[in-house]
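Please read the structure below before turning to the comments.
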Amino acid sequence: MSNYKASIDIGSNSTLLLIMDVSEKKILAEESRITGLGKNLDKTGCFEESSMEATYDALSVYCDIAESFNINPEDIIVTATEASRVAKNAQEFFKRIRDGLRIRIQTITGEGEAYYTAYGICAMAKSLGQEVVILDVGGASSEFIKIQTNPFKILETISLPIGSVRTTDWLENGLFHSELDKIYAKFDLKNYMNTPILGVAGTLTSLALMIENANEYDADLINNLSVNVQNFQSFVSEKLVDSTSEDFEKYSFLGKRATTIRGGGICCAELLKKVNCPKIMFSTFGLRYGTLLSGGIDGIYLI
C-alpha cells in the first residue's frame, strides 16, 4: 500500500488540497483556491451558483493532481465545514460532485473540525507547550480550541458562527456589531481569556504575512512569527478598517482572499480583544493535516 495520501478541506471561503508521504510526514503538494461557498449564506441559506462552480472546478483540478501521485479520487479524504453544515443545497451539490468526480464529501461537526485541526497542528508543529489555545478563523465559523499536546487531548473547544466571509457580508449590510453582540450573548469565552494564542487557517496566516510586509507566501516565516496583540490590533485599525480590496493588490499571495481579508482582519481583532489575548503566534498546519494523518474521519464527528 502506498504511503502517499491526499486530503481536501472544503471551507466556507477556500478549498484546500494536501498530499503527503505519511510515513515521513513529507508534504508532496499543497494547493489553495478561494471558492467562497459561504458568500451571502446568512441571507439566502444556500450556496451561490458561482461559488459552486468555483468549488467544482477546484476539486476537478485537485483530483487530477492526486491521480498524478497514483491516488484515486475515491481514496481522498474530503471534509466540509460550517457553510456546508448550514446550506440547504449542500447535499444536492455534493451528490453532483460525487457523480461527476467520484469523491465523497463528509460534512463534519464543529467539534470534529476542532479535533482534526488541533490534531494536525500537534502532529506537525514543533516546540509547542504542554497546553495550547488555538484560534481557527474560517470563512463562516471560528473555533477556540484548548489542547493538551502530550499526550494529545482536546481539553475544551467552542465554535462561534463568525468568520471572514460572514464578517465581510455583515459589514457590507451594517450588521456586524449587532451580530457580534448576539454571539457574545450566546457564547461564554471565559475559559480562553488572558492567554497567548496560536492562530491558524488562511485569514490569520495571510495577516501574518501582511504584518511582516512579505511579498510572497512563506510558510517558515508564518510558523516562526509571534506578534504582540496590541501591534496586531494597530495593524488592523490602521491598514484594514478603511481599506478596499484594491489596496491589497501589492500582496500577491492574497489572490481572491483580498475580497475578504478586511472582514477577516476585523473579525480576528475583535475575537482577540474579547479574550484579552496578549500575544499571537501562527501556524500553517490545520484541518487537512489532521484528517490525513489520522487516516480518516471518526463517525462521531460526522453530520
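Apart from one condition, L16 fits all of (1) in a loop (DSSP other than H, G, I, E, B); (2) in contact (Cβ under 8 Å) with a residue 60 or more places away in the chain; the exception is (1). Applying the criterion of being surrounded by fewer than 21 Cβ atoms within 10 Å (Cβ to Cβ), in contact with a Gly (Cβ under 9 Å, 6 or more places away or on another chain) and not polar (S, T, N, Q) to the residues of the stretch 70-99, the residue that is nearest to V22 (Cα to Cα) is R85. Test D9 against the criterion of being of a type in the set (D, E), under 27 Å from D169 (Cβ atoms), assigned to a helix (DSSP H, G or I) and touching a residue at least 12 places away in the same chain (Cβ under 8 Å), and give yes or no. Spelling it out, it is not the case that D9 is of a type in the set (D, E), under 27 Å from D169 (Cβ atoms), assigned to a helix (DSSP H, G or I) and touching a residue at least 12 places away in the same chain (Cβ under 8 Å). Among the residues that make up the stretch 139-155, is at least one of them acidic (D, E) and surrounded by fewer than 24 Cβ atoms within 10 Å (Cβ to Cβ)? Within the stretch 139-155, not a single residue is acidic (D, E) and surrounded by fewer than 24 Cβ atoms within 10 Å (Cβ to Cβ). Collect the residues in the stretch 28-58 that are loosely packed, with under 14 Cβ neighbours inside 10 Å, hydroxyl-bearing (S, T, Y) and in contact (Cβ under 8 Å) with a residue 24 or more places away in the chain, keeping them in residue-number order. Answer for the stretch 28-58, where residues must be loosely packed, with under 14 Cβ neighbours inside 10 Å, hydroxyl-bearing (S, T, Y) and in contact (Cβ under 8 Å) with a residue 24 or more places away in the chain: there is none.
The helices (runs of 4 or more DSSP H) found entirely in the stretch 210-282 that carry 1 or more residues being of a type in the set (D, E, K, R), surrounded by 14 or more Cβ atoms within 10 Å (Cβ to Cβ) and touching a residue at least 24 places away in the same chain (Cβ under 8 Å) are 261-274.
Looking for something closer than 15 Å to A6 by Cβ and either at pLDDT below 95 or more than 14 Å from the chain's Cα centre (by Cα) (or both) - is there at least one such residue anywhere in the stretch 44-54? Scanning the stretch 44-54, I find no residue that is closer than 15 Å to A6 by Cβ and either at pLDDT below 95 or more than 14 Å from the chain's Cα centre (by Cα) (or both), so the answer is no.
Scanning the stretch 100-115 for residues that are buried (at least 20 other Cβ atoms within 10 Å of the Cβ), of a type in the set (A, V, I, L, M, F, W, C) and modelled with pLDDT of 95 or more yields I103, I105, I108. Taking the criterion of being hydrophobic (A, V, I, L, M, F, W, C) and either surrounded by fewer than 14 Cβ atoms within 10 Å (Cβ to Cβ) or over 23 Å from I261 (Cβ atoms) (or both), the residues of the stretch 8-27 that qualify are I19, M20, V22, I27.
Among residues of the stretch 82-97 being part of a helix (DSSP H, G or I) and among the polar types (S, T, N, Q), the one that is farthest from L160 (Cα to Cα) is Q91.
The values are calculated or read from the model by the stated rules, or taken from the named source; none is laboratory data. All figures in this text were calculated on a predicted structure; none of them were measured in a lab. When we count neighbours, we look across all protein chains shown, and the Cβ atoms used for this are built from the backbone with ideal geometry, even at glycine.
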